[in-house]
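The values are calculated or read from the model by the stated rules, or taken from the named source; none is laboratory data. Quantities reported herein were computed from a predicted structural model and do not represent experimental measurements. Because the Cβ atoms are built from the backbone with ideal geometry, glycine has one as well, and the counts that use them run over all protein chains shown. We work out accessible area using only protein heavy atoms, side chains counted, and drop any ligands, DNA or RNA first. Shrake-Rupley method; radii C 1.70, N 1.55, O 1.52, S 1.80 Å.
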Amino acid sequence: MRPILMKGHERPLTFLRYNRDGDLLFSCAKDHTPTVWYADNGDRLGTYRGHNGAVWTCDVSRDSARLITGSADQTAKLWDVSTGKELFSFRFDAPARSVEFAIGDALAVVTTDNFMDHVPTVQVKRIAEDIDDQTEESALVITGIKGRINRAVWGPLNRTIITAGEDATVRIWDSETGQLLKESDKESGHQKTISSLSKSLDWSHFITGSLDKSAKLWDTRTLTLIKTYVTERPVNAVDISPTHDTVVLGGGQDAMNVTMTDRRAGKFEAKFYHKILQEEIGGVKGHFGPINALAFNPDGRSFSSGGEDGYVRLHHFDSDYFSIKM
């Protein structure tokens with residue numbers, strides 16, 4: 001497996017997202033400037049300048065025309081992918097943490113943090129085809145969650161919204177009414193903050209990673225716990241392979257606990273687990289700090305990782321990986 005080192009950020013990475021075709025990779029970091037790369041060779045294509053705070057997450061439309069980003073500067077912004085031009089800015093009373101387009105790209109879900117006197121919210125925004133018709137008003141606002149909401153994603157057919165965060169609970173909401181439909185069991189669920197959430201290619205199941213040193217696989221419709229992957233470090237990032245029965249976990253201890261020891265001591269490697277058997281099948285070392293972001297390419301032939309060290313590492317799998325039984 002040959003890694004390509006991509007250095008375009010001055011601060012720790014926070015999020016990685018491939019477009020649907022798998023030819024572009026978008027990276028977010030604490031340095032205010034989301035960046036787009038060629039997913040094959042790691043060449044930097046350009047940056048999106050306009051945020052004044054850390055950028056926590058991003059998503060790209062199905063046709064790769066628009067990018068949405070959520071930032072600590074209390075805005076979520078829409079961008080033209082090809083020109084880098086800022087198209088619209090949604091303003092909030094608190095940092096915007098998680099963003100995701102719905103199927104069809106006519107809606108986006110945005111979460112805001114608990115900040116000063118403001119409670120955390122999940123907000124649904126209508127995305128206009130013609131940017132001149134774009135407004136800031138929310139189609140739906142969900143409140144009542146205690147603690148920061150680290151991820152909010154759409155469920156199948158845009159009928160539900162799935163949230164997870166600091167209170168260690170996964171919840172499923174009706175995306176029309178905002179009604180709470182299901183929440184994860186306190187006993188079998190995570191015991192500490194859920195840091196990350198990633199859906200399978202067909203949206204039938206999703207994986208969550210937590211600071212309780214585990215990742216869990218859930219059924220998207222019933223919220224049934226399917227599998228648990230146990231590791232020896234807090235999990236900051238997770239993803240599910242679109243083509244193989246593997247999941248990848250990344251993490252390491254909190255940045256403030258990292259000392260200048262060698263990289264083995266900090267457990268800074270991406271670990272691969274068999275999705276069904278729950279066994280660890282391999283690991284990829286390389287980052288000089290905790291891994292904060294992971295993403296599989298939609299073609300399943302490569303994956304990328306983003307670390308506290310400010311690097312994006314792009315890995316193309318070799319033939320041994322493809323011998324893993326489906």
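Go through LYS85/LYS285; LYS85/LYS192; LYS146/LYS285; LYS216/LYS285; LYS7/LYS213; LYS85/LYS125 and tell me which ones have a Cα-Cα distance over 32 Å in this structure. As for pairs spanning more than 32 Å Cα to Cα, those are LYS85/LYS285; LYS85/LYS192; LYS146/LYS285.
Rounded to the nearest 10 square angstrom, ILE226 shows an accessible area of 80 square angstrom against a 1.4 Å probe.
For the pair GLU280 and ASP185, label points projected 7 Å from Cα toward Cβ lie 2.7 nm apart. Given a 1.4 Å probe and the protein chains as shown, THR47 ends up with an accessible area of around 40 Å².
Ranking THR163, SER64, ALA96 by Cα position along the charge dipole of the chain, where only Lys, Arg, Asp and Glu carry charges on their C-beta atoms, puts THR163 farthest toward the positive end. The stretch between THR47 and ASP93 holds 14.0 nm of extra length on full extension. This uses 0.36 nm per residue minus the Cα-Cα distance. Pairwise inverse Cα distances across the range 4-322, averaged and inverted, put the Kirkwood hydrodynamic radius at 19.4 Å. Note on VAL141: accessible area is roughly 80 Å² with a 1.4 Å probe, heavy atoms of protein only. Net charge dipole, the range 75-146: roughly 340 debye, given to the nearest 20, about the Cα centre with Cβ charges of +1 for Lys and Arg and -1 for Asp and Glu. Basic side chains Lys and Arg get +1 at the Cβ, acidic Asp and Glu get -1 at the Cβ, and with that the dipole of the chain about its Cα centre reaches some 760 debye. Applying 0.36 nm per residue to the separation of ASP174 and ILE4 and subtracting their alpha-carbon distance, the gain on full extension is 57.1 nm. Calculated on the alpha-carbon coordinates, the convex hull of the range 108-161 measures out at 96 cubic angstrom per residue.
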